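J.: Right, I'll just put the structure down here and ask away after.
The values are calculated or read from the model by the stated rules, or taken from the named source; none is laboratory data. The model shown is predicted, which means the values in this text are computed figures rather than measured ones. Glycine gets a Cβ as well: all are built from the backbone with ideal geometry, and neighbour counts include every protein chain shown.
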Amino acid sequence: MKYRVVAKEAFSVAGVRTVTEQPGGVWDIIKKDGRMQQMQRDAQGQPVTLGLCFGFDGTGRNDNMVGFVVAEEVPGYAFYTFPPSDWVVLKAEGKISDGVLYKSWQYIHGELIDRQVICQREVPTIEDYQVWNEESDYCRVEIGVAVV
């Protein structure tokens, strides 16, 4: 798999943050309860495509957030500011049913982090869901891992 290193200035994300049993489970929650539509209105033209993972606890529960880039805090939403950093960015593209996203994370952890090719910073990882279409079984997600 190919990846690139990108330098990014500090940026902030507003969104819905919760702890779930399922990785990325906040997506399902906000789609079902209507908060996704509200967030799209409140994002003022910014795409609501970012999934942030703050990490897993000892029982496997995932602290995660769905959001959009903002210049300042937005009332009613969680808020997180990323420091300036270099990011390893990898594109997961292909069939959802083939586990392309999962396989991409396996590569990141097994080949890059575990083998110490990269040293991950202690900030949330980002998945930018550029395309996620379950009907056509296709996705294109950019995964970002901040590195030292």
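J.: Check whether at least one residue in segment 116-128 is among the hydrophobic types (A, V, I, L, M, F, W, C), in contact with a strand residue (DSSP E or B) (Cβ under 7 Å, 6 or more places away or on another chain) and part of a strand (DSSP E or B), and report yes or no.
T.: Among the residues of segment 116-128, at least one is among the hydrophobic types (A, V, I, L, M, F, W, C), in contact with a strand residue (DSSP E or B) (Cβ under 7 Å, 6 or more places away or on another chain) and part of a strand (DSSP E or B), which makes the answer yes.
J.: Cβ-Cβ below 8 Å, separation at least six or inter-chain, first residue in segment 68-80 and free of Cβ contacts under 8 Å to residues at least 40 places away in the same chain and over 17 Å from GLY51 (Cα atoms), second crowded, with 16+ Cβ neighbours inside 10 Å and charged (D, E, K, R): which pairs?
T.: GLY76/ASP42
J.: Which residue is surrounded by the most Cβ atoms within 10 Å (Cβ to Cβ), if the candidates are limited to segment 4-60 and must be at pLDDT below 95 and in contact with a Pro (Cβ under 7 Å, 6 or more places away or on another chain)?
T.: CYS53
J.: Criterion first (in a strand (DSSP E or B) and aliphatic (A, V, I, L, M)) does LEU101 satisfy it?
T.: In short, no.
J.: Based on what the data block shows, is VAL88 crowded, with 17+ Cβ neighbours inside 10 Å, part of a strand (DSSP E or B) and of a type in the set (A, V, I, L, M)?
T.: Answer is yes for this residue.
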